[in-house]
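**Student:** Supplied in C-alpha cells, the structure appears directly below.
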C-alpha cells in the first residue's frame, strides 16, 4: 500500500522536458537585413495605397488645394528672379536665365519636401508605430513615393514654362533623360530621408536645424547663379561640382535648355550619391528598427 502511494507521488511529479528554443524568436526582434527588405517588399501595396491616398487628400484644407504644389516653387522662383536676376544681376552670362532658375527652384523644392517629410516620418507616426507591427521603413518610403507622385504635375509645369516663356526652347528627344535624372534624385532623397528619420526619431532638435541645412544646400547648388561666375579656382570648382543636387540640375538643364548630352561624369556622380545614400540609409535605419516608437 505504501509502495503504491509512493509510486503515485512519483507519477504526479512534473517531469522535466527538454525544449529546443533555437527556432524561437523574440517578439518584435529585428530580422536580418535581407529578411527585412523582403518584408518591406511585401508591404508594397500598402506603401502605394498610402502614398496615393495622401496625395489625393493633401492640401484639402486650402481652397486652392494641390495647386499650391505648383504655386510655391513658382512664387519662390519669381522672388529669386526679382532679387538675384534683376537686382543683383546673377543671371548675366547665363543663357535663358528664366528657364535656368525655374529648373533650379522646382527641383530643389522637390528634394527639400521629400527629405524634410521623410526625415520626420517616424516622429510624426509614433502612435501608429506603437499600435501596429510592420517594417518601419515603409513610412519614409511611402513619403518619398507620395512626393514623387505629387510632383509629377509640377515637373510638367516646369517643362511647359521652359517651352512657352521667352526665350523659348525646343524640347528634343534628349528631354526623355529627365526621367532617369529624376529617378536618381528620388533615390537620393529616400536615402537621406532614411538617415534623418532615425536621427530625428532620437533627437527631435535636428528637425529644427534641417531647414537651415537645406537653405545652405540650396545656396551651394547653383540654383540661381552659375559657379563659373564666382569661382575661378579649378580645384575648388571640381570639389563643389560633387554636390548631388548640382548634378541633377546640370543634367536637366542640359537636356531641356541647351539640347546637349550631359557629361557622363554628372551621371556617375549622381548615381554614386543616389545608391550610396540609399545603401547607407537602409542599413542605418534597419539597425534601429526595434527602437522606433519607444520613449
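**Student:** Looking for something in contact (Cβ under 8 Å) with a residue 24 or more places away in the chain, under 17 Å from residue 54 (Cβ atoms) and in a helix (DSSP H, G or I) - is there at least one such residue anywhere in region 94-111?
**Tutor:** Start the filter on region 94-111 by keeping residues that are in contact (Cβ under 8 Å) with a residue 24 or more places away in the chain, which leaves 94-96, 98-111.
Restricting the remaining residues to those that are under 17 Å from residue 54 (Cβ atoms) gives 110.
Then drop every residue that is not in a helix (DSSP H, G or I), which leaves 110.
Within region 94-111, one or more residues are in contact (Cβ under 8 Å) with a residue 24 or more places away in the chain, under 17 Å from residue 54 (Cβ atoms) and in a helix (DSSP H, G or I).
**Student:** Does residue 142 qualify as being part of a loop (DSSP other than H, G, I, E, B) and under 19 Å from the mean Cα position of the chain (by Cα)? Spell out how you get there, then give the answer.
**Tutor:** Working: part of a loop (DSSP other than H, G, I, E, B): no; under 19 Å from the mean Cα position of the chain (by Cα): yes.
In short, no.
**Student:** Does any residue in region 40-65 that is modelled with pLDDT under 85 come within less than 9 Å, Cβ to Cβ, of a residue that is outside any helix (DSSP H, G or I) six or more places away or on a different chain, and which pairs are these?
**Tutor:** From residues that are modelled with pLDDT under 85, the pairs are 65/58; 65/59.
**Student:** May I pose another question? Could you pull out the residue among 171, 152 that is surrounded by fewer than 19 Cβ atoms within 10 Å (Cβ to Cβ) and not in a helix (DSSP H, G or I)? Can you show your working first?
**Tutor:** Details: 152 fails: not in a helix (DSSP H, G or I).
On inspection, the qualifying residue turns out to be 171.
**Student:** Something else: Residues that are touching a residue at least 24 places away in the same chain (Cβ under 8 Å), at positive phi, part of a loop (DSSP other than H, G, I, E, B) and surrounded by 21 or more Cβ atoms within 10 Å (Cβ to Cβ): does region 212-222 have at least one?
**Tutor:** Among the residues of region 212-222, at least one is touching a residue at least 24 places away in the same chain (Cβ under 8 Å), at positive phi, part of a loop (DSSP other than H, G, I, E, B) and surrounded by 21 or more Cβ atoms within 10 Å (Cβ to Cβ), which makes the answer yes.
**Student:** Let me ask something else about it. For region 164-183, which positions are within 15 Å of residue 74 (Cβ to Cβ) and at pLDDT 80 or above?
**Tutor:** Selection gives 164 alone.
**Student:** In addition: For residue 130, indicate whether it is in contact (Cβ under 8 Å) with a residue 40 or more places away in the chain and either touching a strand residue (DSSP E or B) at 6+ places or on another chain (Cβ under 6 Å) or surrounded by fewer than 20 Cβ atoms within 10 Å (Cβ to Cβ) (or both). Even if it seems obvious, please write down each step before you answer.
**Tutor:** Values: in contact (Cβ under 8 Å) with a residue 40 or more places away in the chain: yes; either touching a strand residue (DSSP E or B) at 6+ places or on another chain (Cβ under 6 Å) or surrounded by fewer than 20 Cβ atoms within 10 Å (Cβ to Cβ) (or both): yes.
Yes, satisfied.
**Student:** Against the definition (closer than 26 Å to residue 131 by Cα and not in a helix (DSSP H, G or I)), how does residue 281 come out, yes or no? Spell out the reasoning first.
**Tutor:** On the way: closer than 26 Å to residue 131 by Cα: yes; not in a helix (DSSP H, G or I): no.
The answer is no for residue 281.
**Student:** Turning to a different aspect of this structure: Residues of region 223-262 being buried (at least 18 other Cβ atoms within 10 Å of the Cβ) and over 14 Å from residue 100 (Cβ atoms), which ones?
**Tutor:** Listed by number, the residues that qualify are 243, 244, 245, 247, 262.
**Student:** Let me ask something else about it. I'm trying to understand the selection: among the residues of region 256-270, which are at pLDDT 95 or above and either closer than 19 Å to residue 37 by Cβ or touching a helix residue (DSSP H, G or I) at 6+ places or on another chain (Cβ under 6 Å) (or both)? Write out each step before concluding.
**Tutor:** Taking region 256-270 and keeping what is at pLDDT 95 or above, we get 267-270.
Passing the criteria: 269, 270.
The values are calculated or read from the model by the stated rules, or taken from the named source; none is laboratory data. Small disclaimer: the values here were computed from a predicted structure and weren't measured. We place every Cβ from the backbone using ideal geometry, glycine too, and count neighbours over all the protein chains shown.
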